[in-house]
Amino acid sequence: MKLTLGPILFYWQRQQIMDFYADMAEQPLEVIYLGETVCSKRRALSLDDWMGLARELRQASGAEVVLSGLTLIEAASELSSLRRLCENGEIKVEANDMAAVQFLSSRGVEFVGGPALNIYNAYALDELVSRGMSRWVPPVECSAHLLAALIEQARDADVSLPEIEVFAWGYLPLAYSARCFTARAENLPKDDCGFICQNYPEGIPMTTQEGQVLFTLNGIQTMSGGISNLLAEYPRMARMGIDALRLSPRAQNMNEIVQQFDEVRRGGQPPLAVDGCNGYWHGQAGMLTVEEVGLC
């Protein structure tokens, strides 16, 4: 299976971004996603900057580089920026909104379907494949059973399958809102937030009254409270025919995570259990960790 590095979901400062990708260029990654998917106000890098970084990474690492678009479009200016991204004419794009699908399909170019497109059956998948989707990231709440059923449905219906890329590690992006939760937590208006997200390079943990981390707030995005980790599920995913595993960037220890997954795909023994959560993959509540015996 390919190892892919998803787009950075948090708001990092420019130098942190550049240092991170200089480090990732040396890792065994086949695909690297770049760009802003959460908030259009995050402008540490412009589109021209992302394009330049894409060219450098492609040359330095040999990896395929993909530019990811916004997930929630709220203004005409964001739609215009998305169109410019989709019409870059050089770098493949990950569509996280149907507007991007329209822009890309109208140009007849291949694209990646991101996890926010909410595809749950083979017929919807076939529609997007016919419009140019060559790789698909299922919604993060999809279980192994649901995904296997979709693959079987596609084969029974003689539907062409794109490459399938599973979100295998990182904070799960669960929902998006017009309201900025990070600004609200700091008693700031969204339109005058002062880019407060930069103070939280891995989001704001949201806990229950008992002190259990339930969610992670990241601007307009609500994420899982724990890291989703499917490393122990590698053998099952290999049997299912999954083509790629997505690792979502964190500010710390990302090299170690890439190396752990690379070791397993090269024949190393996967762990029997993992730190983090994997409930969604087993058809359970996403925040749970399901041990190898099948108990929560």
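For the range 1-57, the solvent-accessible area with a 1.4 angstrom probe is 37 square angstrom per residue. Can you list the residues of the range 64-84 with backbone N under 13 Å from a point 7 Å past the Cα of R43, pointing along Cα to Cβ? Within reach of a label on R43: 77-78, 81.
Taking 7 Å steps out from each Cα toward its Cβ at R184 and S130 produces label points 4.0 nm apart. 3J(HN,Hα) along the range 157-165, derived from phi through the Karplus expression 6.51 cos²θ - 1.76 cosθ + 1.60 where θ = phi - 60°, amounts to 8, 6, 9, 6, 8, x, 4, 10, 10 Hz, with x in place of Gly and Pro.
Nonpolar atom fraction for the chain, defined as the carbon and sulfur part of the 1.4 Å probe accessible area, stands at 47 percent. Counting charges near P173 (Lys, Arg +1; Asp, Glu -1) among other residues having Cβ under 12 Å from its Cβ returns a value of 0.
Amide hydrogen proximity for G286: with H placed 1.01 Å from N in the peptide plane, the residues at 5 or more positions away or on another chain lying under 5 Å are Y280. Taking a straight Cα-Cα cut-off under 26 Å and skipping sequence neighbours fewer than 8 places away in the same chain, the lysines within cross-link reach of K2 are K92. Checking [x] 0.94; [y] 1.05; [z] 1.09 against Rg/Rh (Cα atoms, Kirkwood Rh) calculated from these atoms, the matching label is [x]. Loop sites here are trypsin sites (Lys or Arg not before Pro) outside DSSP states H, G, I, E and B with no more than 12 other Cβ atoms within 10 Å. The longest part of the chain free of them is 1-178. Think of the chain as having a plus end and a minus end, set by charges on the Cβ of Lys, Arg, Asp and Glu; of G52, T207, M254, G52 sits farthest toward the positive end of this dipole. Between V129, A76, I17, the Cα set farthest toward the positive side of the dipole of the range 14-136 (charges on each charged residue's Cβ, about the Cα centre) is that of A76. Here the spin labels are modelled as points 7 Å beyond Cα on the Cα-Cβ line, and at L214 and E74 they lie 2.3 nm apart. Magnitude of the charge dipole for the chain, about its Cα centre and with charges confined to Cβ atoms of Lys, Arg (+1) and Asp, Glu (-1), is about 380 debye. Note that the range 57-66 has calculated 3J(HN,Hα) couplings of 5, 4, 6, 6, 9, x, 7, 6, 10, 10 Hz, one per residue in order, obtained from phi through the Karplus relation 6.51 cos²θ - 1.76 cosθ + 1.60 (θ = phi - 60°); glycine and proline are x. Averaged over its residues, the range 205-296 has an accessible area of 50 Å² per residue, based on protein heavy atoms and a 1.4 Å probe. Straight-line cross-link reach from K190 at under 19 Å between alpha-carbon atoms covers these lysines, not counting any fewer than eight positions away in the same chain: K41.
The mean sequence distance of close C-alpha pairs (under 8 Å, at least 6 residues apart), as a share of the length of the chain, puts its relative contact order at 19 percent.
Work out, step by step, the length gained on full extension between A148 and D23: first 0.36 nm times the residue separation, then minus their alpha carbon distance; give nm to one decimal.
Extra length available between A148 and D23 comes to 41.5 nm.
Centroid-to-centroid, using Cα positions, the range 57-73 and the range 92-161 are 18 Å apart. Couplings 3J(HN,Hα) of the range 129-137, computed from phi: 4, 5, 9, x, 6, 9, 9, 9, 9 Hz, in residue order, whole Hz [Karplus 6.51 cos²θ - 1.76 cosθ + 1.60, θ = phi - 60°; x for Gly and Pro]. Computed on the range 41-114, with alpha-carbon pairs under 8 angstrom and 6+ residues apart, the relative contact order is 27 percent.
The values are calculated or read from the model by the stated rules, or taken from the named source; none is laboratory data. It should be emphasised that the depicted structure is a prediction, and the values quoted were computed from it without experimental measurement. So basically every Cβ, Gly included, is an ideal-geometry build from the backbone, and we count neighbours across all protein chains shown. Please note that ligands, DNA and RNA were not included when accessible areas were found on the heavy atoms of the full protein model with its side chains. Shrake-Rupley method; radii C 1.70, N 1.55, O 1.52, S 1.80 Å.
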